[in-house]
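The next block holds one structure in the form of structure tokens; read it before the comments.
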Amino acid sequence: MMAKTRKTREERIQEILAGAQKSFLEKGYPLTTMEDIIAHTELSKGGVYHYYADKKQILIDMMRQGNIFYMQYNKHMLQIEPKNTDEENIALVTEAILDKFIYQTDEKRIYTMFLCEMLYDQEIWEVFLTLERQFFEWLTSRVEVDLDICIDELKFISRMMNGMMMAQNTSREPKVLETNRQQLRTIFEPLVRKIVMKPSNVNIVKEDI
């Protein structure tokens with residue numbers, strides 16, 4: 001009889017996150033306990049607590065991983081490059097934004113729970129601001145725009161996206177947004193254009209005095 005392969009640290013973490021996702025979707029974040037999460041894994045209680053002290057830290061880790069996934073794996077985000085024309089990048093960023101909120105998924109439902117919690121939890125609010133800033137830095141580097149110049153526009157788009165996310169993932173009629181992608185595109189495209197077309201310190205060539 002072959003010995004059972006020992007799981008790696010990363011495999012155990014992913015098992016905990018998967019268990020937490022099931023628990024959050026079944027009971028909602030506020031009502032989920034660590035015992036619920038443990039029950040959805042093959043790990044012992046001590047094994048789960050070895051990696052996470054409480055469910056909040058699990059939720060935060062889920063959001064951090066989700067932020068990385070959105071930046072690195074969204075099909076539109078992957079195509080955003082400094083070598084593109086401004087019009088190409090405007091179209092790609094706009095489509096990536098729409099992808100963020102327009103379709104209901106389990107991951108987005110949990111992100112909606114995260115948004116609700118940040119209203120009352122200072123630590124979660126600070127994590128949100130950190131993740132938001134990381135995304136801003138990544139995006140502006142891809143379109144070669146100075147972040148400090150367009151920070152207000154970026155925050156406005158981010159907060160609009162989150163508002164749409166809340167509306168979509170608490171709705172029992174997701175088709176209302178899903179079937180109106182073109183109308184939503186006309187809302188976000190001008191906002192993205194203001195960012196991409198903004199003069200940037202990155203592109204300023206200093207003349208010899």
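The values are calculated or read from the model by the stated rules, or taken from the named source; none is laboratory data. Bear in mind that the values here come from a model prediction, so they are computed numbers and not experimental data. Cβ coordinates were reconstructed from backbone atoms using ideal geometry, including for glycine residues, and neighbour counts include every protein chain displayed. Just the protein is used for accessible areas: all its heavy atoms, side chains included, with ligands, DNA and RNA removed. Shrake-Rupley method; radii C 1.70, N 1.55, O 1.52, S 1.80 Å.
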| Selected residue [open to solvent by less than 30 Å² (accessible area, probe 1.4 Å), at pLDDT 95 or above, part of a helix (DSSP H, G or I) and out of contact with any Ser or Thr (no Cβ under 6 Å at 6 or more places or on another chain)] from Leu115, Leu129 | Leu115
| request: Identify all residues within the range 83-100 that are of a type in the set (A, V, I, L, M, F, W, C) and either assigned to a loop (DSSP other than H, G, I, E, B) or in contact with a Lys or Arg (Cβ under 7 Å, 6 or more places away or on another chain) (or both); write none if there are none. | output: Ile90, Leu98
| message | Where the second residue is in a loop (DSSP other than H, G, I, E, B) and not aromatic (Phe, Trp, Tyr) and the first is within 21 Å of Lys56 (Cβ to Cβ) and lies in the range 127-146, which pairs have Cβ atoms under 8 Å and are six or more apart or on separate chains? | response | Val127/Met118; Phe128/Met118
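What residue, of Glu123, Glu153, is touching a residue at least 24 places away in the same chain (Cβ under 8 Å), exposed (fewer than 13 other Cβ atoms within 10 Å of the Cβ) and part of a helix (DSSP H, G or I)?
Working: Glu153 fails: exposed (fewer than 13 other Cβ atoms within 10 Å of the Cβ).
Glu123 is the lone residue from the list that is touching a residue at least 24 places away in the same chain (Cβ under 8 Å), exposed (fewer than 13 other Cβ atoms within 10 Å of the Cβ) and part of a helix (DSSP H, G or I).
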| message | For the condition surrounded by 17 or more Cβ atoms within 10 Å (Cβ to Cβ), under 17 Å from the mean Cα position of the chain (by Cα) and modelled with pLDDT of 95 or more, what is the one hit in Ile60, Ile16? | response | Ile60
| remark: Given (1) touching a residue at least 40 places away in the same chain (Cβ under 8 Å); (2) under 20 Å from the mean Cα position of the chain (by Cα); (3) open to solvent by 70 Å² or more (accessible area, probe 1.4 Å), Arg193 misses just (2)
| message | Looking at the range 24-56 only, could you name the residues that are open to solvent by less than 60 Å² (accessible area, probe 1.4 Å) and among the polar types (S, T, N, Q)? | response | Thr32, Thr33, Thr41
